[in-house]
Amino acid sequence: MSESRPAFPATAPAVRQPSLALVPRRAAATAAARELWLAAHFPRLPIEALLPAAQSVRAAAATATDDPRRTIVSCNERAARQGIRPGMGLAAALALVPGLRVEERQPAAEVALLDRLARWALQFTPVVSPEPPDAVLAEVKGSLDLFGGAMALCRRALAGLSGSGLGASLAIAPTPRAALWLARAELGMTVTRSDALPGLAARLPLSCLRWPPQTVAALGELGIRDLAGLLRLPRAEFAMRFGPELLDELDAGLGRRREPRRRHVVPERFDDRLDLPCEAATAIRLQPALGRLLANLGAFLRARACGIPGLRLDLLHRTRMPTRLRLGLARPSSDAGELQWLLSERLARCPLPAPVTALRLRTGMLLPIAPRDANLLARGSSADPEATARLLDRLRARLGRDAVFGVCPVPEHRPERAWRIAEPGGRPLPAPWPATAPPRPLWMLAEPQPFDDWQGVQVSGPERIESGWWDGHDVRRDYYVAWTRAGVRLWIFRERPPAGGWFLHGVFG
Amino acid sequence: MTDPLAALLRHPRLWRGGSVTPGPATVPTGFRRLDERLPGGGWPLSALTEILVPAAGVGEIRLLLPALCTLAADRPEAPRWIAWLAPPHLPYAPALAAAGLDSSRMLVVRPRAGFDVLWAMEQALGSGACAAVLGWAEAAGDTVLRRLALAAEEGQSPGFLFRPPRHRDESSPAALRLSLSAHADGLDVEILKCRGGMPARVTRLVRP
């Protein structure tokens, strides 16, 4: 069971001189490790998160964000074969491979991919712990028998990963940190004995520790290039010079110190299906079943003190594809009554193409929500912070998402671009917003209208607005304020040079 | 001599019958001459106000703007919406921001059907989520207006319903009814009906 690759001796006395760093404080170091950690390191994760495996036939590279040089952080295998290396400037990389496909790295996509990989690793063991940004750890000691040994497990995992087009380097070691080191060093090793670790130190470059560059540089000045050199340093001086955290890290790697890891927990979801006693042809007859499903959902959410940001309702038909409804909420909610109200509004506006045989209700991720105090005196209304979100949901459920919006000013001279539609309830503006010297109208027309009713109109102005020649939406206008006989103040303009007619753009209200 | 008495009268445990102010809770309109004419000295909170406007843009928003700023700044810990339901044009964010209204609290609703406006207004008023609800509607029967008035009371939100002046002679359950007429040098506000007050006329109010 406890096997080692022949690449290294099973028992390797790395301690040659009585250095403080290496005198084992514990006599323990039992030969068979209590835990075995599988580390999967994904050296090309930034690019693989951007391009699916099928597109890897072309050389591609991901560049760093917020970097004027646009340094390459990761490239796919084809690009690597053509000489692209992480750390190159973009100009150098393009000179080398002119057809290089370049993408800016997306940290969010990398996080999502790592999350998927952690979920994938759950097939080997229930104890999985992602190590951002680019590795996943799994405790596999208990699973080795099932999968036929450490080597077989690694082969199986590698086959699965390369099948989805991911380049990975795997390693097994008695401590999570040592497994990470081995995986990052791409040694392809399975170490199952605790006392085998120090013997490997000479083959682990400092880079696999991922320590700060200045630390690695300082160690380089001492002539230390690998872990073996590091372990020869005296403990006390090492801790004094480089900090106790790094010493702790080394101890954790060598199994002298326990390093607890956070377990990856797969988010729970609600997925329930209810067959109707008889087919329902109208939305109103779906209500009782919907109510029961939502009551289940409400109990599920209350038990977990969670809310959902939205849900999906599938109406299943006998022969047709299901009718799918999606409901998004402005604020995570667990209120079954409110959800039923919103879904009923949606159902009432969704014609049923065929009788419905069953309902299926699914949620996305659950979000923790703070339970709200039921207020006896203020009766919810004004003091209720959820009222704003609930109103937004109700209006959108009936009127459609686009019919309800917010507005937001934009610092821009062109009047039609000085505002934009925004999600209501965004961040408050940095007050005070600078007032424009000539006042702006409170009402804006969606499109400027031709203006030709000049009866009794008095005009003052102009205010000249010339802007936007650089982005193709050139504006060269003279704006005037016009008083109509009815007492309405209008904002009108004329294009410059004064060839075109007059247009009405706003009303002062 | 009066100081001990004043101190005694200020004592929180002393309650005097005369200090109960009758009349509705209000928010000042920002126009002194109009405040003097309105019971409670301002726009009624938790009630429906109906404003008859001859044409969009005569100055109805400038009339409300000071009160809207007060209402929007109220309760910064639990901010509420200023809802614009079916406005005739788009509220222009830079002008609102320059006037001091935080545009992140604006909620613009543009329903397709006319009846949806009144439905949305009832929802907005009754939800308690709005510091003010501004609605533009053509036809609104007595029943619908009564529902709006009740919703405003329930949600403790002031509602402002803008309608054309041809509805002037219809009965209305609104707590306050105004008719606006514009002139080159200001806005005339005629108070048609006012719960707890007298009809009146305030001339040349919002000067451009």
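The values are calculated or read from the model by the stated rules, or taken from the named source; none is laboratory data. Bear in mind that the values here come from a model prediction, so they are computed numbers and not experimental data. We place every Cβ from the backbone using ideal geometry, glycine too, and count neighbours over all the protein chains shown. Accessible surface is based on the protein model in full, side chains and every heavy atom, while ligands, DNA and RNA are left aside. Shrake-Rupley method; radii C 1.70, N 1.55, O 1.52, S 1.80 Å.
Determine if segment A:156-168 includes at least one residue that is in the same structural domain as A:Leu122 (by TED's automatic domain parsing), basic (Lys, Arg), within 30 Å of the chain's Cα centre (by Cα) and surrounded by fewer than 20 Cβ atoms within 10 Å (Cβ to Cβ).
Checked segment A:156-168: at least one residue is in the same structural domain as A:Leu122 (by TED's automatic domain parsing), basic (Lys, Arg), within 30 Å of the chain's Cα centre (by Cα) and surrounded by fewer than 20 Cβ atoms within 10 Å (Cβ to Cβ).
Can you find a residue in segment B:22-37 that is touching a residue at least 24 places away in the same chain (Cβ under 8 Å), within 11 Å of chain A (Cβ to nearest Cβ) and under 17 Å from the mean Cα position of the chain (by Cα)?
no
Considering only residues of segment A:386-397 that are in a helix (DSSP H, G or I) and more than 7 Å from every other protein chain (Cβ to nearest Cβ), which is surrounded by the fewest Cβ atoms within 10 Å (Cβ to Cβ)?
For segment A:386-397, the residue satisfying everything is A:Ala389.
Go over the candidates A:Ala348, A:Ala374 one by one and state the one that is surrounded by fewer than 15 Cβ atoms within 10 Å (Cβ to Cβ), away from chain B (no Cβ under 14 Å) and modelled with pLDDT under 85.
A:Ala374
Of all residues in segment A:490-503, which are open to solvent by 30 Å² or more (accessible area, probe 1.4 Å) and either in a strand (DSSP E or B) or within 14 Å of chain B (Cβ to nearest Cβ) (or both)?
A:Arg494, A:Glu495, A:Trp502, A:Phe503
Any idea which residue in segment A:309-321 is modelled with the lowest pLDDT, counting only those that are open to solvent by 40 Å² or more (accessible area, probe 1.4 Å) and under 31 Å from the mean Cα position of the chain (by Cα)?
Within segment A:309-321, the subset open to solvent by 40 Å² or more (accessible area, probe 1.4 Å) is A:309, A:312, A:318-321.
After this cut, where a residue has to be under 31 Å from the mean Cα position of the chain (by Cα) as well, the list is A:309, A:312.
On the way: A:Pro309: 86, A:Arg312: 91.
That would be A:Pro309.
Any residue at all in segment B:108-117 that's more than 8 Å from chain A (Cβ to nearest Cβ), crowded, with 23+ Cβ neighbours inside 10 Å and touching a residue at least 24 places away in the same chain (Cβ under 8 Å)?
no
Considering each of B:Ala149, B:Ala139 in turn, give the residue that is more than 14 Å from chain A (Cβ to nearest Cβ), open to solvent by 10 Å² or more (accessible area, probe 1.4 Å), touching a residue at least 12 places away in the same chain (Cβ under 8 Å) and part of a helix (DSSP H, G or I).
One residue alone meets the criteria, B:Ala149.
Residue under question is B:Gly126, and the condition is that it be buried (at least 19 other Cβ atoms within 10 Å of the Cβ), touching a strand residue (DSSP E or B) at 6+ places or on another chain (Cβ under 7 Å) and either assigned to a helix (DSSP H, G or I) or more than 10 Å from chain A (Cβ to nearest Cβ) (or both); does it hold?
no
Condition first: within 7 Å of another protein chain (Cβ to nearest Cβ) and open to solvent by 20 Å² or more (accessible area, probe 1.4 Å). Now tell me which residues in segment B:89-99 satisfy that.
Once the filter is applied, which keeps residues that are within 7 Å of another protein chain (Cβ to nearest Cβ) and open to solvent by 20 Å² or more (accessible area, probe 1.4 Å), segment B:89-99 yields B:His89, B:Ala98.
If I ask for residues that are open to solvent by 10 Å² or more (accessible area, probe 1.4 Å), within 8 Å of another protein chain (Cβ to nearest Cβ), out of contact with any helix residue (DSSP H, G or I) (no Cβ under 9 Å at 6 or more places or on another chain) and aliphatic (A, V, I, L, M), which ones from segment B:52-86 would you list?
Selection gives B:Ala55, B:Ala56.
Determine which member of the set A:Ala108, A:Ala95 is open to solvent by 50 Å² or more (accessible area, probe 1.4 Å), within 14 Å of A:Pro46 (Cβ to Cβ) and not aromatic (Phe, Trp, Tyr).
A:Ala108
Each row is one residue, and each column tells you yes or no for (1) among the hydrophobic types (A, V, I, L, M, F, W, C); (2) modelled with pLDDT under 80.
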position: A:Ala387; (1), (2): yes, no
position: A:Leu392; (1), (2): yes, no
position: A:Arg396; (1), (2): no, no
position: A:Cys408; (1), (2): yes, no
position: A:Pro424; (1), (2): no, no
position: A:Pro432; (1), (2): no, yes
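Consider segment A:211-247. How many of its residues are surrounded by 15 or more Cβ atoms within 10 Å (Cβ to Cβ) and closer than 28 Å to A:Met189 by Cα?
17
A quick yes/no check of all residues on (1) away from every other protein chain (no Cβ under 13 Å); (2) surrounded by 15 or more Cβ atoms within 10 Å (Cβ to Cβ); (3) in a loop (DSSP other than H, G, I, E, B); (4) in contact (Cβ under 8 Å) with a residue 12 or more places away in the chain:
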position: A:Gly406; (1), (2), (3), (4): no, yes, no, yes
position: A:His413; (1), (2), (3), (4): no, no, yes, yes
position: A:Gly425; (1), (2), (3), (4): no, yes, yes, yes
position: A:Pro441; (1), (2), (3), (4): no, yes, yes, yes
position: A:Asp452; (1), (2), (3), (4): yes, no, yes, yes
position: A:Trp470; (1), (2), (3), (4): yes, no, yes, no
position: A:Arg485; (1), (2), (3), (4): no, no, yes, yes
